[in-house]
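The values are calculated or read from the model by the stated rules, or taken from the named source; none is laboratory data. Since the model is a prediction, treat every value here as computed from it, not as a measurement. Please note: Cβ atoms are built from the backbone with ideal geometry, for glycine as well, and neighbour counts cover all protein chains shown. The accessibility values were calculated without ligands, DNA or RNA, using every heavy atom of the protein model including side chains. Shrake-Rupley method; radii C 1.70, N 1.55, O 1.52, S 1.80 Å.
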Amino acid sequence: MKHDTILVLDFGGQYSHLIARRVRENKVYSEIVPYDVAPEEVLELNERLNVRGLILSGGPLSVYREGAPKLNTEVLNLGLPTLGICYGHQLLAYMSGGVVKPAERGEYGVTYVTITKSVGVLEGLSLREKVWMSHSDAVYDLPKEYEVLAYTENCPIAAFKHKSKPIFGVQWHPEVIHTENGMLILKNFIFNICGCRQNWEMGDFIRRAIEELKVSIGDGRAIIALSGGIDSSTTAVLAMKAIGERLTAVFVDHGFMRAGEPEFIREIFGRMGMNLIVVEAKDRFYSRLKNITDPELKRKIIGEEFIRVFEEVAEKVGAEYLIQGTIYPDRIESGFRRFSDKIKSHHNVAGLPLKIKFKGIIEPLKDLYKDEVREVAGRLGLPREIVFRQPFPGPGLAVRIIGEVTPEKVEIIRKADKILREEMESAGLQGRLWQYFVVLTNTLTTGVKGDSRAYGYVVAVRAVESREAMTANFAKIPYEILERISTRITSEIPDVVRVVYDITNKPPSTIEWE
Ligand code: XMP
């Protein structure tokens with residue numbers, strides 16, 4: 001069965017993923033494609049999917065500026081229903097001969113819009129609607145085949161429709177939660193205008209993924225690198241359901257795991273009856289990291305060594321297939337977005353097979369967003385501790401120790417991390433934040449412990465709220481909890497004399513310190 005699909009053409013807006021996720025929340029499949037997708041590419045996608053409509057995303061530029069991203073007009077000629085949002089709205093107007101120019105006053109945040117005609121995507125909306133805007137340009141005029149549907153004080157054409165074709169534009173962001181009836185607008189588009197059926201469903205996904213794994217692997221053997229994170233764990237369980245003991249899961253203990261982690265993995269996956277190999281590889285990782293202080297070099301070395309260990313196991317167990325827990329945002333970030341900048345080289349196990357020749361690489365979760373993976377994990381019966389786990393970087397505590405990584409420093413950070421986790425859990429903050437962790441800085445400062453001078457490390461506590469890790473806000477943790485954390489860390493760990501709390505958002509900081 002082909003899924004009814006809405007393609008989101010990505011003009012570089014912050015919310016392109018959010019649009020796709022909102023569509024999927026309605027059980028309709030959605031994929032992100034580059035803004036200049038060619039008609040042939042859409043037709044090619046249509047062989048595997050049932051493309052029913054296009055949404056043009058927002059974007060940071062002005063449509064009239066030279067070099068601003070434009071739509072391939074041939075794509076519009078395919079006759080698919082189209083909804084332009086923000087930049088997409090302005091672009092549809094501009095490309096059909098309308099006037100777009102800087103607005104006298106931009107609109108940012110909550111705005112009230114007056115709906116003059118509640119038809120098409122605006123069906124069911126009231127005269128006055130609370131919406132979320134973020135624009136400095138506006139549409140001022142449209143050719144006669146278009147009709148204006150809404151305006152605001154500063155924006156004369158806040159929504160429009162084509163008189164005879166299923167083409168719509170809205171200046172505001174229906175995908176953002178602050179737009180009160182945003183979901184209704186998207187639903188109008190998806191169901192009334194595009195006629196989509198609700199056939200994107202996680203129960204079906206699981207059945208199909210297992211079937212596809214069975215067919216691809218036949219009676220061969222497969223291997224997966226299991227980190228204990230939700231993506232690789234879910235993938236491993238799907239694969240185990242498909243090929244049973246012909247799957248080998250490999251957990252590489254590089255020595256930079258949090259306290260209790262290898263035992264936790266053994267316990268959970270052992271209980272499931274998974275064929276699991278835990279490779280103790282601490283010594284080789286430590287010796288390769290000796291005297292290394294540069295964060296990127298650390299990541300590179302850890303990544304390489306990881307591959308080496310993994311290769312050795314793959315060869316030993318004679319696996320012909322490699323299964324990976326790549327999810328949709330990983331895939332998009334690494335190739336689809338043409339303008340994204342490399343901030344740091346994340347080491348998950350993407351790009352694994354260097355020397356080992358696999359007959360095939362299989363990525364069963366490659367089309368899913370994180371919340372969809374969580375749903376799959378829940379349906380597969382993975383324990384809550386895995387389903388709601390915080391992300392943990394592949395290179396582990398090694399990138400949370402600033403400067404050279406030594407076994408002594410790892411011991412210190414493990415103890416501090418354990419204290420932080422215990423205190424956050426007992427304060428009921430577990431599961432409410434995107435991540436919380438400690439960083440061992442390479443700064444030594446003076447303190448006083450008992451009656452004598454102490455000289456020791458500064459530990460930083462980082463706790464953030466986020467949805468997708470692309471942006472994050474530091475968590476406003478009550479002072480009493482921070483005080484308990486700081487008191488325990490300094491009194492239980494002799495090498496630490498000072499605790500600081502990181503109050504930066506992302507951007508400009510990243511979530512991890514290295
Ligand atoms: P940053 O520090 O880039 O982190 O703001 C964004 C999210 O990614 C996690 N992270 C990693 N995950 N391998 C991973 O699998 C890595 O090397 C890595 N580095 C950072 C980080 O914990 C945060 O959730």
message: Given the condition within 16 Å of the ligand (Cβ to nearest atom), modelled with pLDDT of 95 or more and within 26 Å of E372 (Cα to Cα), answer yes or no: does some residue in segment 493-503 qualify?
response: no
task: Among the residues of segment 451-473, write down those that are surrounded by fewer than 18 Cβ atoms within 10 Å (Cβ to Cβ) and within 16 Å of the ligand (Cβ to nearest atom).
output: E465, S466, R467, E468, A469, M470, T471, N473
field: Sole exception among (1) at pLDDT 80 or above; (2) in a loop (DSSP other than H, G, I, E, B); (3) away from the ligand (no atom under 15 Å from the Cβ) for G325, by number
entry: (3)
message: I need every pair where a residue in segment 376-401 that is under 13 Å from H254 (Cβ atoms) has its Cβ under 8 Å from the Cβ of a residue that is of a type in the set (G, A, S) and within 9 Å of the ligand (Cβ to nearest atom), sequence separation at least 6 or different chains.
response: F392/S227; F392/G229; G394/S227; G394/G303; P395/G303
- prompt: What's the number of the condition G203 fails, among (1) away from the ligand (no atom under 16 Å from the Cβ); (2) open to solvent by less than 30 Å² (accessible area, probe 1.4 Å); (3) touching a Phe, Trp or Tyr at 6+ places or on another chain (Cβ under 7 Å)?
  reply: (3)
- request: Find the residue count for segment 269-296, including only residues that are surrounded by fewer than 18 Cβ atoms within 10 Å (Cβ to Cβ) and not in a loop (DSSP other than H, G, I, E, B).
  value: 13
field: Sole residue being on the phi < 0 side of the Ramachandran plot, open to solvent by 50 Å² or more (accessible area, probe 1.4 Å) and in contact (Cβ under 8 Å) with a residue 24 or more places away in the chain, chosen from R24, R65, R52
entry: R52
task: Filter segment 246-303 for residues that are of a type in the set (D, E) and in contact (Cβ under 8 Å) with a residue 40 or more places away in the chain and give the result.
output: E296
Unique residue being more than 16 Å from the ligand (Cβ to nearest atom), in a helix (DSSP H, G or I) and either at pLDDT 95 or above or among the aliphatic types (A, V, I, L, M) (or both) when the list is V410, V399: V410
query: Conditions: (1) in contact (Cβ under 8 Å) with a residue 24 or more places away in the chain; (2) away from the ligand (no atom under 16 Å from the Cβ); (3) within 19 Å of the chain's Cα centre (by Cα). Y369 meets all but one. Number of the miss?
result: (2)
- request: Considering (1) open to solvent by 10 Å² or more (accessible area, probe 1.4 Å); (2) in a helix (DSSP H, G or I); (3) of a type outside the set (F, W, Y); (4) more than 16 Å from the ligand (Cβ to nearest atom), say which one R421 fails and leave the rest.
  value: (4)
field: Spans of helices (runs of 4 or more DSSP H) in segment 37-120 with at least 2 residues within 26 Å of K187 (Cα to Cα), at pLDDT 95 or above and touching a Gly at 6+ places or on another chain (Cβ under 8 Å)
entry: 87-95
task: Please work out which one of (1) open to solvent by 30 Å² or more (accessible area, probe 1.4 Å); (2) within 30 Å of P395 (Cβ to Cβ) is the condition A209 fails and give its number.
output: (1)
query: more than 16 Å from the ligand (Cβ to nearest atom), closer than 26 Å to D417 by Cα and not small (G, A, S): does that describe E261?
result: no
- prompt: Does T235 satisfy the condition of being within 25 Å of the chain's Cα centre (by Cα) and more than 17 Å from G303 (Cβ to Cβ)?
  reply: yes
- prompt: Any residue in segment 429-450 that is hydroxyl-bearing (S, T, Y), crowded, with 17+ Cβ neighbours inside 10 Å and outside any strand (DSSP E or B)?
  reply: no
statement: From the option list K241, K214, single residue qualifying as away from the ligand (no atom under 16 Å from the Cβ), in a helix (DSSP H, G or I), without any contact (Cβ under 8 Å) to a residue 40 or more places away in the chain and basic (K, R) is K214
query: Hey, does segment 217-229 have a residue that's surrounded by 14 or more Cβ atoms within 10 Å (Cβ to Cβ) and free of Cβ contacts under 8 Å to residues at least 40 places away in the same chain?
result: no
